[in-house]
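Heads up: the structure comes next, in structure tokens.
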């Protein structure tokens, strides 16, 4: 296993462990409502987990594509984060509840070039 793959797997393991700590939200809400977790620090989670592949908070291409100004629908982004893509992206549906994934989608939609990202409000 390469150092890069080892680090990626270690980071993913930590993310899943933290997300599954007692007290972490496991509420599943209807997609149609597009809820999001207001107390969830999306920016920190994105930087520490997603930032490994999506550079500059998703504003630039890295190992993964640029997410800012994505042509994918909100539902497509939600499903990709939740279910992953075989051979390309890990599934984070085990690590994050649906409301947290919607918060990540809202964060991605708020990205602007040369503007420091902020947590959704």
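The values are calculated or read from the model by the stated rules, or taken from the named source; none is laboratory data. No experiment lies behind these values; they were computed from the predicted model shown. Backbone-built Cβ (ideal geometry, glycine too); neighbour counts: all protein chains shown.
When residue 104 is evaluated against the numbered criteria (1) part of a helix (DSSP H, G or I); (2) in contact with a helix residue (DSSP H, G or I) (Cβ under 7 Å, 6 or more places away or on another chain); (3) surrounded by fewer than 16 Cβ atoms within 10 Å (Cβ to Cβ), which criterion, by number, is the only one it fails?
(3)
Looking at (1) modelled with pLDDT under 95; (2) in a helix (DSSP H, G or I), which is the one condition that is false for residue 82?
(1)
Go over the candidates 19, 24 one by one and state the one that is closer than 17 Å to residue 95 by Cβ, over 11 Å from the mean Cα position of the chain (by Cα), buried (at least 16 other Cβ atoms within 10 Å of the Cβ) and at pLDDT below 50. Before you say what the answer is, go through the steps one by one.
Details: 24 fails: buried (at least 16 other Cβ atoms within 10 Å of the Cβ).
None of the others qualify; the one that does is 19.
Find all pairs meeting these conditions: Cβ atoms under 8 angstrom apart; at least six residues apart or on different chains; first residue within region 50-75 and on the phi > 0 side of the Ramachandran plot and outside any helix (DSSP H, G or I); second residue at pLDDT 95 or above and crowded, with 16+ Cβ neighbours inside 10 Å.
69/111
Just give me the residues in region 61-92 being within 20 Å of residue 119 (Cα to Cα) and surrounded by 14 or more Cβ atoms within 10 Å (Cβ to Cβ), in sequence order.
66, 67, 68, 70, 74, 77, 78, 81, 82, 92
Based on what the data block shows, is residue 92 touching a helix residue (DSSP H, G or I) at 6+ places or on another chain (Cβ under 7 Å), more than 15 Å from residue 44 (Cα to Cα) and part of a loop (DSSP other than H, G, I, E, B)?
Working: touching a helix residue (DSSP H, G or I) at 6+ places or on another chain (Cβ under 7 Å): yes; more than 15 Å from residue 44 (Cα to Cα): yes; part of a loop (DSSP other than H, G, I, E, B): yes.
Yes; evaluated as a whole, the condition is true for this residue.
Hey, among the residues in region 107-121 that are in a helix (DSSP H, G or I) and more than 15 Å from residue 53 (Cα to Cα), which one's nearest to the chain's Cα centre (by Cα)?
Going residue by residue through region 107-121, those that are in a helix (DSSP H, G or I) are 107-109.
So of that shortlist, the ones also more than 15 Å from residue 53 (Cα to Cα) come out as 107, 109.
On the way: 107: 9, 109: 12 Å.
My answer is 107.
Can you name the number of the only condition in (1) loosely packed, with under 14 Cβ neighbours inside 10 Å; (2) closer than 16 Å to residue 44 by Cα; (3) free of Cβ contacts under 8 Å to residues at least 40 places away in the same chain that residue 110 fails?
(1)
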